[in-house]
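The values are calculated or read from the model by the stated rules, or taken from the named source; none is laboratory data. Not measured: the values here are computed from a predicted model. Positions of Cβ are generated from backbone atoms using ideal geometry, with glycine treated the same way; all protein chains shown enter the neighbour counts.
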Amino acid sequence: MAAVPWEGELAQELKARFGESVIQTASYLGQNFALVKPEVVAPMVEYLRDAADFDYLVDITAVDWPKRAERFDLVYILYSFSRNERLRLKTAIADGYRPQSVVGTHATANWLEREVFDMFGIEFAGHPDLRRILMPDDWQGHPLRKDYSILEQDQHWVEANLGIESGQ
Amino acid sequence: MRNPVQQSRLFHILRVIFLVDLFQGLWVTFRNQHPKNICTEQYPAERPKVAERYRGLPRLNRDPETGEPLCIGCNLCALACPENLIVITSERNEQTKRKEMVTFSFDTSRCMFCGLCEEVCPSDALELTQNFEMATYTREGQVLTRKMCEEGIEAKRYKC
Amino acid sequence: MPDATFLDSTELVLNMGPQHPSTHGVLRVILKLDGEKVLGTDCVIGYLHRGVEKIAENRTYVQFNPYVDRMDYVAAVSNGLGYCLAIEKLLNVEAPPRAQVVRVILTELNRIASHLVWLGTHALDIGALTPVFYCFREREAVLNIFEKYCGARLTTHAFRIGGLQYELYDGFEQEVKAFCDMFPAKVDEYEELLTRNRIWVGRLVNVGVLNAEDCKRYGVTGPVLRAAGVEWDLRKAQPYSGYEKYDFRIPTGRNGDTYDRYTVRMEEMRQSVRIIRQAVEAIPEGPVMAKVPKVIKPPVGEAYVSIEAPKGELGYYVVSDGSTQPYRVRVRPPSFVNLQALDRMVRGGLVADVVAVIGTLDIVLGEVDR
């Protein structure tokens, strides 16, 4: 089944406030999501927290679609305790675009954005401490990109730090 | 009649001075020292009895009546394995006109004993047994050949 | 006049290294101390990063199922439940009622097992050396049930996409009921050891306070959020797998300190026994596996499904491109997000409280690093 258009009250509010920047509001398998333009994500997260009571940022993640021009799909999942409602915000960004960080709105975004940077190489503007979190600090390459094969490794780092030829 | 608030305060002071809460905890520990509460298994003198469905070392079964190997060389276990550690070669038997398994190699060093190979086997040939004692001295010893899978591996018992 | 040396400064940077008995795994915490007071911390994680999300893109849906157990390895059954529910959502199938009830029983047993490990290791870090033995003794009973059911104690691989693989073994109901009868007395025993012990109270009350507003800001869920007073549990808010049929209470705390988290988790163990008792009374007859194709190829799309794992909200965001292998599996780990709040909780406290707070957050590094 395909995504069906979602015209709930929240969708109307977002379209009224952000107008053209909201490309699509739809619902797939009962889960609402909104596809928006990248510049408007940080203000929208703040608006949702203040006006619509979405006070809990569940997750920030990215999906790599290498064949598209806007290569990454940045996904924010928000939840509201009072409304018991979950919302997904998706935005398509190109390689090299620096989205605005939402650390000012939700403190939990600190490590979540660090992980997105570590795994995909998406730099967040305004992040207080953007460095690698899961991989070693001086690792070259961003592992979850599709052009990084599962057997690939930072050869130089492995030889320098582990003293072996290859970790594979 | 003493004031109940004062009475509980006296109780509380006595509890604190005489370490009542600490002795209550110590009494629990003391109670558990009774020999009937010992639950240590003296391995390797007494070996544990593991469940029937335990996912241990693999074994290739033979038909109990004819003694023929049940494996038909369909390669489904190799395809199901998430780690791709089963390697099977098979060739066509000219007499029975059927495919027959020739070599079977199972690498237990990478196996996570998930049981997917056992689940997909159509002829109940591959089975994960209750044998969990699979330590070897070499890395090569972890790769099981067809013979080892059919006969099973007996762990060396030391005197203890 | 001698030159200034490092001894003149009052600040000390101390490394609580990856190998440490109290960090519950390979966690490195760099502490900035002024004597014994903590001025700031910096967590370095990634020592157990195995690239589970990358592996998911190279395995089929069925083949990836055993890998999810290895993230939160203490409570492996919940991870499997979350993953199976996410793929079932994408396929738009639902497990049959019998499978759902058995899933609830196993998941709640797994919650008890996880809280027992938490209690034992947390008490051990604080200095109480006895409870860990008793907790692991009760955990043996739970692990025996898992072993008899699915063949493994820790990395269970208990659930399949669409239901269950194995039918219940003979004696399952009796053993589970016997466990439910035996267990509440043991929880009373742990409480007798700890709850009113002056050392325990002294080390835990007003340590690592995280109030409700900070919990929401940091995205912290699970018992930590409930101890801060927010009565929220995904099993009640967005029920899955038939949880709406069971009657249980959500324990909450008041101050959001470490002692409240202790009482919340002890009460959760009792409530889990209550759920198991209700579930095991009424296991319906029927098949254990829904009609799922042999080769699982969900239609193009994505879904986010989350469950109440023992540590918090465990979410799976799965993107499918119509092929047999998932395009992207993102695991939202509760321990990772909860660990972020460590800095907020220990700042201004003492060094010994860092150990208490790491224990009370109940992190598993397998889940933090994936």
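Per-structure values
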| quantity | calculated |
| --- | --- |
| Scan of segment A:26-57 for residues that are farther than 16 Å from residue C:301 by Cβ and either more than 14 Å from chain C (Cβ to nearest Cβ) or touching a Pro at 6+ places or on another chain (Cβ under 7 Å) (or both), ordered by number | A:36, A:37, A:38, A:39, A:40, A:41, A:42, A:43, A:44, A:47, A:51, A:52 |
| Conditions (1) out of contact with any Asp or Glu (no Cβ under 9 Å at 6 or more places or on another chain); (2) more than 28 Å from residue A:134 (Cα to Cα); (3) part of a helix (DSSP H, G or I); (4) at pLDDT 90 or above: number failed by residue C:87 | (2) |
| Selection within segment A:90-118 - outside any loop (DSSP other than H, G, I, E, B) and either in contact with a His (Cβ under 6 Å, 6 or more places away or on another chain) or away from every other protein chain (no Cβ under 12 Å) (or both) | A:91, A:92, A:93, A:100, A:113, A:117 |
| Filter result (small (Gly, Ala, Ser) and away from every other protein chain (no Cβ under 14 Å)) within segment C:212-266 | C:227, C:241, C:242, C:253, C:256 |
| Unique match (being touching a Pro at 6+ places or on another chain (Cβ under 9 Å) and closer than 26 Å to residue B:79 by Cβ) among C:61, C:47, C:83 | C:61 |
| Which numbered condition residue C:192 misses (of (1) surrounded by 15 or more Cβ atoms within 10 Å (Cβ to Cβ); (2) among the charged types (D, E, K, R); (3) modelled with pLDDT of 90 or more) | (3) |
| Candidate set: segment B:26-52, residues that are closer than 22 Å to residue B:128 by Cα and among the basic types (Lys, Arg); chosen: the one modelled with the highest pLDDT | B:49 |
| So residue C:311, is it more than 10 Å from chain A (Cβ to nearest Cβ), among the basic types (Lys, Arg) and under 17 Å from residue C:370 (Cα atoms) | yes |
| Given (1) buried (at least 16 other Cβ atoms within 10 Å of the Cβ); (2) in a loop (DSSP other than H, G, I, E, B); (3) of a type in the set (A, V, I, L, M, F, W, C); (4) at pLDDT below 85, number of the condition residue B:160 does not satisfy | (1) |
| Residue ID - nearest to the other protein chains (Cβ to nearest Cβ), chosen from residues in segment C:57-78 that are in contact with a Gly (Cβ under 9 Å, 6 or more places away or on another chain) and in a helix (DSSP H, G or I) | C:66 |
| Single condition residue A:126 does not satisfy, out of (1) within 12 Å of chain C (Cβ to nearest Cβ); (2) surrounded by fewer than 17 Cβ atoms within 10 Å (Cβ to Cβ); (3) in contact with a strand residue (DSSP E or B) (Cβ under 8 Å, 6 or more places away or on another chain) | (1) |
| Selection count, segment C:79-96, where residues are among the polar types (S, T, N, Q) and within 23 Å of the chain's Cα centre (by Cα) | 1 |
| Failed item in (1) within 14 Å of another protein chain (Cβ to nearest Cβ); (2) modelled with pLDDT of 90 or more; (3) closer than 19 Å to residue C:83 by Cβ, with residue C:365 passing the rest | (3) |
| Tabulated pairs, segment A:139-160, first free of Cβ contacts under 8 Å to residues at least 12 places away in the same chain and part of a loop (DSSP other than H, G, I, E, B), second surrounded by 11 or more Cβ atoms within 10 Å (Cβ to Cβ) and of a type in the set (S, T, N, Q), C-beta under 7 angstrom, 6+ apart or interchain | A:150/C:58 |
| Segment B:42-61, subset more than 10 Å from chain C (Cβ to nearest Cβ) and among the charged types (D, E, K, R), residue surrounded by the most Cβ atoms within 10 Å (Cβ to Cβ) | B:59 |
| The lone exception for residue A:69 - which of (1) at the interface with chain C (Cβ under 10 Å from one of its Cβ atoms); (2) aliphatic (A, V, I, L, M); (3) without any contact (Cβ under 8 Å) to a residue 40 or more places away in the chain it fails | (1) |
| Selection from segment B:113-148 of residues that are over 25 Å from residue C:70 (Cα atoms) and more than 14 Å from every other protein chain (Cβ to nearest Cβ) | B:123, B:124, B:125, B:137, B:138, B:140, B:141, B:145, B:146, B:147, B:148 |
| Of the criteria (1) loosely packed, with under 14 Cβ neighbours inside 10 Å; (2) within 14 Å of chain C (Cβ to nearest Cβ), which one residue A:140 fails | (2) |
| Condition broken by residue C:41, with the remaining ones in (1) away from chain B (no Cβ under 14 Å); (2) buried (at least 22 other Cβ atoms within 10 Å of the Cβ); (3) more than 25 Å from residue C:183 (Cα to Cα); (4) among the polar types (S, T, N, Q) satisfied | (2) |
| Selection from segment A:33-53 of residues that are free of Cβ contacts under 8 Å to residues at least 60 places away in the same chain and crowded, with 17+ Cβ neighbours inside 10 Å | A:33, A:34, A:36, A:40, A:44, A:47, A:48, A:49, A:52 |
| Residue match in segment C:237-248 (condition: surrounded by 18 or more Cβ atoms within 10 Å (Cβ to Cβ), free of Cβ contacts under 8 Å to residues at least 60 places away in the same chain and touching a Pro at 6+ places or on another chain (Cβ under 8 Å)) | no |
